[in-house]
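Below is one structure; the comments refer to it alone.
FYI, it's all coordinate maths here, none of it is from the lab. Every value quoted in this text rests on a predicted model; they were computed, and no experiment measured them. With ideal geometry, Cβ positions are generated from the backbone for all residues, glycine too; neighbour counts draw on all protein chains shown.
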Amino acid sequence: MKRIEAGSYYSYLPEGCKLCRRGSKLVLFITGLCNNSCFYCPISKERAGKDVIFANEREVHSIDDFISELELMSAEGVAITGGEPLLKLERVIEFVRLSKKLDLHVHIYTSISVKENVLKRLKVDEIRFHPPELQNPDLYEEPIRIAKKLGMDAGFEIPAIRFEPKIVEIANRNDAFLNLNQLEASETNWSKLEERGFEIEDYYVECPEIVKMFEKANKFHYCTARFKDSAQFRRRLIRMAMNHPDFYLVTRDGTLLCCRIEGDLEKAKEILKNSKIDFAVFEDCIETSLEVAEDEKLKEALISAGCEVFLVERYPTVKRTLIEVQRV
């Protein structure tokens, strides 16, 4: 086993996981509709049961939204998830075709034991099967065989809720991978986890005895909840942050530091242009260099023009979520 960050380790790492580790995988949430109701599902109320599309945090209303998110993070791959993505098969195929045209690696998660004709249409690089609540894993042995015959990497991706030996047997018999995820607690699954006796620490469930038993898989990967935050998410933020204009300062965590101007934005733009200062305009504010807040003359000119000036730290995502705000 090779140990990596935040308690994760593996004997085999699928290409999609390598991209995830680099923070270069865009997560394409294709629909919130699902034909299962797994007790551990962590999907948010914003998405669960709704036919919505998200590329990372960006809601997708058109192909342009998808492309914009790819560009923002300099994506090298796409992970198609849900809900149950294959309930919207034609939609999935459209995004797969576009992603492959852009030379991106594509992997998909599904709980459906896909038939050969569907696998031939999907043409993804990698497919990950999830038996709902780890029941009836035998249903996925033939789809795994067919997927591998078609040139896809294939295997299981499951949460560590209990040990199911059949999953290990099927994986080993078919040279398939087994990705085991630490069980995550969220607003939508917390009470159901507690009802079943899981002990929640912070936002995750620790089940070391279950993880140890699944290590019998020849191609094994254990991914912790902390890894997703401390490595995957942080590295994706850094990729996004580095694609912003030079006047932003990028922190080690991938957040942005800048000066935020609210109020009369037209007058603020005029003042900044006259001072030959770069800035970005949004519906609710202007963002520019921290130096603007440190320049007393500029700051006074902006305040006199009916503006408010702040020092902010925010995420580099499309929602521009504020972490810290300080008025100056």
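Only bridges whose two residues both fall in the range 132-220 count here: according to DSSP, what percent of them are antiparallel, nearest 5?
The antiparallel proportion sits near 35 percent.
Can you pull out the chymotrypsin sites (Phe, Trp or Tyr not before Pro) in the range 222-316 that DSSP calls coil and that have at most 16 other Cβ atoms within 10 Å?
Filter output for the range 222-316: F282.
Just want the answer: with Cβ charges of +1 for Lys and Arg and -1 for Asp and Glu, which residue in L98, S186, S74 is farthest toward the dipole's positive end in the chain?
L98
Need the full-extension length gain, I323 to K50, defined as separation in residues times 0.36 nm minus the C-alpha distance. One decimal, nm.
Taking 0.36 nm per residue and subtracting the Cα distance, the gain is 95.4 nm.
On alpha-carbon atoms, Rg over Rh for the range 249-327 using Kirkwood Rh?
0.95
Quickly work out the E308-to-E116 label distance, labels modelled 7 Å from Cα along the C-beta direction, and quote it in nm with one decimal.
In this crude label model, E116 to E308 measures out at 6.5 nm.
How big is the range 2-241 on each of its three principal axes, counting only the C-alpha atoms and giving the largest first in Å?
Principal extents (Cα only, largest first): 45, 40, 35 Å.
Counting only Cα, what are the radius of gyration and maximum Cα-Cα distance Dmax of the range 83-170, in Å?
When restricted to Cα atoms, the range 83-170 yields Rg and Dmax of 13.1, 40 Å.
Loop only per DSSP, at most 13 neighbouring Cβ atoms within 10 Å: give me the trypsin sites (Lys or Arg not before Pro) in the range 238-301, ordered by residue number.
When the trypsin sites (Lys or Arg not before Pro) of the range 238-301 are filtered for loop state and at most 13 Cβ neighbours within 10 Å, R252, K276 remain.
DSSP loop GluC sites (Glu not before Pro) in the range 40-80 with at most 11 other Cβ atoms within 10 Å of their Cβ, which ones?
Sparse-neighbourhood loop GluC sites (Glu not before Pro): E46.
Only bridges with both residues in the chain count here: give the DSSP antiparallel percent, nearest 5.
55 percent
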